[in-house]
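Taking it in order: structure first as structure tokens, then the write-up.
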Amino acid sequence: MNAYIHDAVRTPRARARPDGGLAALKPHELIGGLIDAIETRGHDARGAEALIVGCVGQVGAQGANVALVSKLHAGLPDETAAWSINNYCVSGLTAIGQAADMVQTGRARSVLAGGVEMMSRVPFMGDRADYYADASFPARTRYLPVAVAADRLAEDAGVSRAEMDQAALVSQSRTVDAEGGPLVASRIALNGLNSDECARPTTLEKLGKLPAAFAEMAAPYADALEGRAIDHRHTVAHAPPMADGAGLTLVSSETEGARARIVAHVEVGGDPAASLTAGFTAMDRVLERAGLTLSDMDRIEFMEAFAVTIVTFLRERDVDPDKVNVGGGHLAKGHPMGATGAILLSSLLDALDACEGRYGLVVAAGAQGVGSAMIVERMGGR
């Protein structure tokens, strides 16, 4: 049985600070607003049999099973199952993959799935997990912040400051160019916010003046780095801004009214020390599973986890850069962690619609070797 995407919507990404464009709302209100939007756009969102929500910081405003809280807030039927997952920064895409599995195996006719993260309410590492500072783990498996891992990866891969500056410029420029057009057709205004407010248009000259940003962050993790001195290269412009946001997808077994078919989905683990490389493994496996290649993809949403990842992808893979992140990426728009995968999928469907393409690919990566990828086929794009 196939799983079809009937709609995939997202909020704008807002600055993760008290005066950010979404900060006055609560996480369940973001999910509720997207459920309402899917209904308004002509789909039976409240007829879904389950709601699956990815979220990383599941404490405080995002605690108490944020999926269940969202279900109650949105007035979904009592019989609707609701659960939350944490698969780090790929959580939103993992949730959609779980929804597809449920539909494909006949366990549900339709499922709502996506993610939410309000970093204005629950900051990075806000769950204060013991693991973050647990020295009993071997160095290779100890927690390392992704910014530090990104700097180490850039040094190991020989990714230059100039390459990362160029990647940041492209992300910002494309974000500006996409505003008001079909590439943001499924972005739903909430709380009066109708743009990705983290975007900060810039120039190569300005980018070149920024200092490396994450040396101080690395200091407490000297043991995990086994005493290695890193050549810190990423600036704040090479890192996705912390953000508030949500994305939600309606997955169904019904063909009629669908926007896309889920062709294949893969979850992988990877080297925890290399951290951000598992997305590449997930991408390779999902392409193999689908029997397709990068050249078959009409549009690609590749998570700009840090500048090193997108530079490495474009440099080392045979891919047309004009098909990748055509409406801008994370470096400009921001990274609401648990929501990211769902937001990228929504962006991908808009990009496929805009070019009337057939196949699209989403690739996401997270800390400690977490990766996820999905291929979709646009209905009408055959």
* Equivalent ellipsoid, the range 257-311 (semi-axes from 5 times Cα gyration tensor eigenvalues, Å) -> 23, 14, 11
* the range 209-257: trypsin sites (Lys or Arg not before Pro) falling in loop per DSSP and having at most 16 other Cβ within 10 Å -> Lys209, Arg228
* **Average accessible area per residue (Å²) across the chain - probe 1.4 Å, nucleic acids and ligands excluded** => 37 Å²
* Structure fact -> Highest GNM mean-square fluctuation among Asp298, Asp19, Asp284, for the chain with Cα springs under 10 Å, belongs to Asp19
* **Hydrodynamic radius (Kirkwood) for the range 211-288, which is based on Cα pairs only, to one decimal in Å** => 16.9 Å
* Structure fact -> By the Kirkwood definition, with r running over pairs of different Cα atoms, the range 229-269 has a hydrodynamic radius in Å of 15.5 Å
* Structure fact -> Output for the range 286-382: GluC sites (Glu not before Pro) sitting in coil per DSSP, at most 14 other Cβ within 10 Å, listed by number, reads Glu356
* To do: Quick one: angle between helix 146-157 and the longest Cα principal axis of the chain, in degrees between 0 and 90, rounded to 10, please.
  => 60 degrees
* Asked: Computed over the Cα atoms of the chain, what is the ratio Rg over Rh, Rh following Kirkwood?
  -> 0.95
* Among the trypsin sites (Lys or Arg not before Pro) in the range 240-332, which ones are in a DSSP loop with at most 14 other Cβ atoms within 10 Å of the Cβ? Mind listing them? => Arg317
* Could you name the aspartates and glutamates whose alpha carbon sits less than 17 Å from that of Lys206, not counting residues in the same chain fewer than 8 places away? => Glu163, Asp165
* Asked: Looking only at the range 11-36, which residues have a backbone nitrogen under 18 Å from a spot 7 Å from the Cα of Ala185 in the C-beta direction?
  -> 11-12
* To do: Show that you can apply the helix-only estimate: for the chain, add -39,500 (n - 2.57) for every DSSP H stretch of four or more residues, divide by all residues, and state [θ] at 222 nm to the nearest 500.
  => -9500 deg cm²/dmol
* Calculate how many DSSP beta bridges within the chain are antiparallel, expressed in % of all such bridges and rounded to the nearest 5. => 65 percent
* Note the angle between two axes, namely the Cα long axis of helix 161-178 and the longest principal axis of the Cα atoms of the chain, as a number of degrees from 0 to 90, rounded to the nearest 10. => 30 degrees
* To do: Distance between Cα centroids, the range 299-375 to the range 72-145: provide it in whole Å.
  => 19 Å
* If eta is 0.890 mPa s and T is 25 °C, what Stokes-Einstein diffusion coefficient results for the range 82-241, Kirkwood Rh from Cα pairs, in µm²/s? -> 128 µm²/s
* Using only Cα atoms, tell me the angle between helix 27-40 and the longest principal axis of the chain; keep it within 0 to 90° and round to the nearest 10. => 40 degrees
* Asked: How much of the accessible area of the chain, in percent, comes from carbon and sulfur atoms when a 1.4 Å probe is used?
  -> 49 percent
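The values are calculated or read from the model by the stated rules, or taken from the named source; none is laboratory data. As the structure is a computational prediction, the values presented were derived from the model and not from experiment. Cβ coordinates were reconstructed from backbone atoms using ideal geometry, including for glycine residues, and neighbour counts include every protein chain displayed. Each accessible area value is taken on the protein alone, full model and side chains, heavy atoms only, with ligands, DNA and RNA left out. Shrake-Rupley method; radii C 1.70, N 1.55, O 1.52, S 1.80 Å.
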